[in-house]
Each structure stands twice: as structure tokens, then as C-alpha cells.
Amino acid sequence: MDRKVLVIGEMKGPKIRNVSLEALTAAKQVAGRGEVISAVFGTHSAKQVDLLSQYGAGQVYIIEDSDYDEYHPELYTHAVVKIIQETQPDVIVMGHTGNGRDLAPRAAARLEIGLASDCIDINLDASDKIVVTRSIYSGKLFEKKKFNSVPIFLTIRPNNITPIRYGSEASAIPYTVEKPALTLLIKEIVRRAAEKVDLTEAKVIVAGGRGVKSAEGFKVLQELADVLKGAVGASRGACDADYCDYSLQIGQTGKVVTPDLYIACGISGAIQHVAGISNSKFIVAINKDPEAPIFEVADYGIVGDLFEIVPQLTNEFSKILL
Ligand code: FAD
């Protein structure tokens with residue numbers, strides 16, 4: 001079956017987020033020979049048309065308006081609903097990011113259509129029905145959901161799909177939409193300067209737990225992360241102890257991450273933490289306690305003091321990578 005699929009592109013400053021390119025690849029897969037279109041918002045939207053077309057968009061709706069530079073729930077929901085009503089897609093895909101988590105259910109509810117969030121895989125079964133895979137019960141089980149009817153809204157977990165370059169050409173469609181009366185005023189957006197690389201999109205994460213013992217101790221992890229061009233994350237234990245900001249927390253009540261390499265330093269491996277890392281390709285654990293549960297989920301384990309091991313890793317990797 002040929003489907004029309006709309007990808008909601010998401011910007012991070014002047015650039016499109018990588019997860020939006022992943023969403024385009026997923027969209028191409030379910031579209032068959034159908035059409036993949038995209039929508040992108042804000043001052044820098046027009047500059048994204050080439051890139052979005054290379055990754056498979058045939059048409060790109062652009063709302064080139066600075067009011068959309070920052071995510072606003074009401075403005076975005078209104079615009080996305082209008083674009084969906086106008087383009088009538090069978091499937092709408094966007095990243096399961098902070099904004100995606102907010103926008104997708106709002107738009108789906110407004111349109112009274114189905115939503116499957118945080119999908120880690122989107123496929124077609126033998127009868128060409130869309131089947132999505134989601135992890136449930138804190139990552140202990142995977143469920144597959146089949147959709148018998150469209151339209152549906154899907155959000156995809158970042159870092160799960162390798163974006164494919166198709167090299168097509170897209171036409172840009174400048175779009176204007178009247179703005180709704182806003183009931184919600186965003187007074188301030190606080191950005192964490194510490195987050196050099198977005199945790200949810202990072203390929204390498206060096207994470208610390210209570211075993212890191214202090215905010216100062218996290219500098220050792222940052223040095224390794226810098227050499228590996230990765231991000232620093234943390235367990236809730238470390239955040240609760242005030243060693244780092246809660247924006248770094250990974251796990252059931254923190255961020256779900258899917259890096260190629262996750263290095264857990266001084267983290268015991270509580271189930272709530274593992275819920276956020278179980279989709280990592282490789283997990284390396286460094287812990288003094290050989291019985292620590294983190295070793296049960298780790299691909300490689302190093303028993304020892306992180307303050308001896310991490311600087312050695314930084315030193316060795318910098319010889320190869322710098
Ligand atoms: P600890 O359990 O104290 O472990 C510290 C580890 O460091 C130990 O294994 C120790 O052997 C090791 N260590 C100490 N010194 C060194 C050293 N020098 N070198 C090497 N290793 C050393 N937790 C999360 O992380 N994310 C969540 O999202 C989350 N959500 C939760 C939700 C709920 C509802 C609940 C109840 C709990 C949640 N938790 C979450 C908390 C979770 O249960 C654990 O308490 C927490 O993950 C423990 O953090 P930790 O591993 O850093 O600390």
C-alpha cells in the first residue's frame with residue numbers, strides 16, 4: 001500500500017535535529033511508493049529544505065516565522081493540526097524528544113487520531129499493516145502494536161534508526177497559519193550550558209553515579225567524554241547527592257538514552273537506571289564492587305576504582321583519537 005507520511009521536523013537552534021532525519025527514514029519505509037512530506041518551523045526553516053529533501057522529503061512546508069523559533073505548545077499544536085488537516089497524511093512521524101512528547105499527544109487528541117509514542121522500530125507486516133515496537137515496563141519487555149486503520153501519529157526514540165540519504169529534490173511550500181489566542185505564556189527558557197552534546201542523541205555517554213562522590217569527581221568523566229566526543233550523564237543517586245544537574249539524569253524518571261557506547265562509572269545498576277540504558281549498543285561498567293548489578297547488563301565490566309581507571313582510559317583514547 002502506498003501511504004502519505006508527514007514528518008514534523010524539529011530544530012535545535014539553526015539546525016535540524018538528527019532525529020528528524022531518522023523520522024524521514026522511518027517515513028520512507030512505511031510510505032512504500034507513496035509520498036513523504038515534511039514540515040519545519042522558525043527563522044531557519046527554509047535553509048533545511050535541501051537537507052530534508054536529501055533524506056527523502058518530496059515537499060517541505062515551511063513556516064518561516066521567528067515566533068516558532070522556540071517551541072510553544074499552543075502555537076505548534078495549532079500549526080501542526082492545520083498542516084495535517086490540509087495535507088491529510090496517513091501517518092505522522094516525529095522524534096520522541098521533549099517537544100515531541102508534548103506536541104504529538106496534543107495534536108493527536110485534537111484530531112482524535114491514534115498515537116504510539118517512543119517507538120523503537122516501525123515496520124510493515126506481511127499484510128502491509130504498520131507494526132511498531134515499543135519498550136514497556138521500564139525496558140523489561142517489548143510490545144508490538146499493529147494498526148488496522150490510519151491516520152496515526154508516531155514518535156520515534158532518537159538514535160535507533162540510521163538516517164538514509166536518498167538524494168531527492170523537494171519543493172518548498174511557504175505556509176502561513178493564523179495564530180491562536182495564547183493562554184500560555186513562556187516567561188523564560190533555561191538552557192543547561194553543561195550539556196555540550198544532547199544526551200538523547202549522543203553516540204557515546206560517560207555516566208557517573210554516587211560512586212563519583214562529588215561534583216569535582218564529574219570533571220574526570222567530562223574529560224573522558226570530551227576525548228570520545230560524547231556527553232556526560234548521571235544516575236539519580238548522583239543528582240540527588242547534588243553532584244550534577246537533574247537534566248543529566250538517565251533512567252525511568254530521567255532520560256532514555258540509546259548511545260553506541262555507554263560507560264557507567266560508579267553506578268550500581270538499579271532497575272530504574274537500567275530502564276534508561278537498556279537499548280545502548282555496548283555497555284561498559286566500572287565499579288569497585290564485583291557483585292554490583294550493573295555487571296549483569298554490561299557487555300564489558302571493569303572491577304576497580306573509577307578514579308584510577310577513567311583517567312587511564314582518557315589517556316589511552318587521547319593517544320588514538322586526538
Ligand atoms: P548507588 O546505588 O549508591 O551506587 C553507587 C555505586 O558506586 C556502588 O555500586 C559502588 O560500588 C560504586 N562505587 C563507589 N565508589 C566507587 C569508585 N571509587 N569506583 C568505582 N565504583 C565505585 N535512578 C536512576 O539512576 N534513574 C532514574 O530515573 C531513577 N528513577 C527512579 C524512580 C523511582 C520511582 C525510584 C524509587 C527510584 C529511582 N531511581 C532512579 C533510583 C534508583 O533506585 C537508585 O537509587 C539509583 O539509581 C542509585 O544511584 P547510584 O547507582 O549512583 O548509587
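Over the chain, what relative contact order in percent results from Cα pairs under 8 Å that are six or more residues apart? Can you show the working numbers first?
Details: 721 pairs, mean separation 46.1, N = 322.
Result for the chain is 14 percent.
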Within region 96-168, DSSP-loop chymotrypsin sites (Phe, Trp or Tyr not before Pro) with at most 11 other C-beta atoms within 10 Å are Y137
Report, to the nearest whole %, how much of the accessible area of the chain belongs to carbon and sulfur atoms, 1.4 Å probe, protein only.
51 percent
Theoretical ellipticity at 222 nm over the chain - DSSP helices of four or more residues, -39500 (n - 2.57) apiece, nearest 500
-8000 deg cm²/dmol
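From largest accessible area down, sort R191, R101; use a 1.4 Å probe on the protein chains.
Working: R191 160, R101 125 Å².
Per-residue accessible area, sorted high to low, gives R191, R101.
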Tabulate in residue order the Karplus-calculated ³J(HN,Hα) for region 303-318, using 6.51 cos²θ - 1.76 cosθ + 1.60 with θ = phi - 60°, rounded to whole Hz; enter x for Gly and Pro.
8, x, 7, 4, 6, 8, 6, 4, x, 5, 4, 4, 4, 5, 5, 5
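Do the alpha carbons of any pairs in K219/K255; K4/K179; K15/K255; K187/K229; K12/K179; K4/K82 sit beyond 28 Å of each other, and which pairs? It would help to have the intermediate numbers written out before the result.
Details: K219/K255 21 Å; K4/K179 26 Å; K15/K255 22 Å; K187/K229 33 Å; K12/K179 22 Å; K4/K82 16 Å.
In this structure, K187/K229 exceed 28 Å between Cα atoms.
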Which is farthest toward the positive dipole end of the chain among Q252, Q59, T176, measuring Cα position about the Cα centre, with Cβ charges +1 (Lys, Arg) and -1 (Asp, Glu)?
Q59
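Looking at the chain, what % of its DSSP beta bridges pair antiparallel, to the nearest 5? Don't jump to the answer; show the numbers that get you there.
Numbers: 14 of 59 bridges.
Percent antiparallel among DSSP bridges in the chain is about 25.
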So what J values fall out for region 248-261 if you push phi through Karplus, 6.51 cos²θ - 1.76 cosθ + 1.60 with θ = phi - 60°, rounded to Hz, Gly and Pro as x?
8, 5, 10, x, 4, 9, x, 8, 9, 10, 9, x, 6, 9
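What does the charge add up to near D2, with Lys and Arg as +1, Asp and Glu as -1, over the other residues with Cβ less than 15 Å from its Cβ? Write down the numbers at each step before the final one.
Details: positive: R3, K4, K28, R33, K129; negative: E35, D90, D128.
Combined, the nearby Lys, Arg, Asp and Glu give +2.
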Taking a probe of 1.4 angstrom, what is the accessible area of H78 in Å², to the nearest 10?
40 Å²
Candidate aspartates and glutamates - alpha carbon under 19 Å from K319, same-chain residues fewer than 8 apart omitted
E223, D226, E308
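Using +1 on the beta carbon of Lys and Arg, -1 on that of Asp and Glu, and nothing else charged, what's the dipole of the chain about the Cα centre, debye to 20? Display every interim value, and only then the final one.
Details: 35 positive and 40 negative charges, 78 e Å.
Dipole size: approximately 380 debye.
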Reach of K28 by Cα under 15 Å, taken over aspartates and glutamates that are not fewer than 8 positions away in the same chain:
D2, D90, D121, D128, E169
Around T133, what is the net charge, scoring Lys/Arg as +1 and Asp/Glu as -1 over all other residues with Cβ under 13 Å from its Cβ?
+1
Helix 218-227 axis, angle to the chain major axis (alpha carbon atoms, nearest 10°):
60 degrees
Could you name the lysines in cross-link range of K288, using Cα to Cα under 18 Å and dropping any fewer than eight places away on the same chain?
K213
Sorted by chain and then number, the residues having a modelled amide H within less than 5 Å of the amide H of V7, at least 5 places away or on another chain, are I37, S38, A39, V93
Whole-Hz Karplus ³J(HN,Hα) for region 165-176, in order, using 6.51 cos²θ - 1.76 cosθ + 1.60 and θ = phi - 60°, x for Gly and Pro?
8, 9, x, 7, 10, 10, 9, 8, 10, x, 10, 10
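Would you please give the FRET efficiency between E86 and N123, computed as 1/(1 + (r/R0)^6) with r the Cβ-Cβ distance and R0 = 35 Å, to the nearest 0.05? Walk me through the numbers on the way to the answer.
Working: r = 28 Å, r/R0 = 0.80.
According to the calculation, E is roughly 0.80.
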Quick check on the chain: take the gyration tensor over C-alpha atoms, sort the square-rooted eigenvalues as a ≥ b ≥ c, and tell me if it's rounded (a/c under 1.5), prolate or oblate.
prolate
Between D121 and residues 5 or more places away or on another chain, which pairs have amide H atoms under 5 Å apart, with H built 1.01 Å from N, and which residues are they?
T133
In Å², what does the accessible area per residue of the chain work out to with a 1.4 Å probe?
48 Å²
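The values are calculated or read from the model by the stated rules, or taken from the named source; none is laboratory data. Given the structure is predicted, the values throughout are model-derived calculations rather than measurements. Note that we place each Cβ from the backbone using ideal geometry, even for glycine, and neighbour counts take in every protein chain shown. These accessible areas exclude ligands, DNA and RNA; they are computed on the full protein's heavy atoms, side chains included. Shrake-Rupley method; radii C 1.70, N 1.55, O 1.52, S 1.80 Å.
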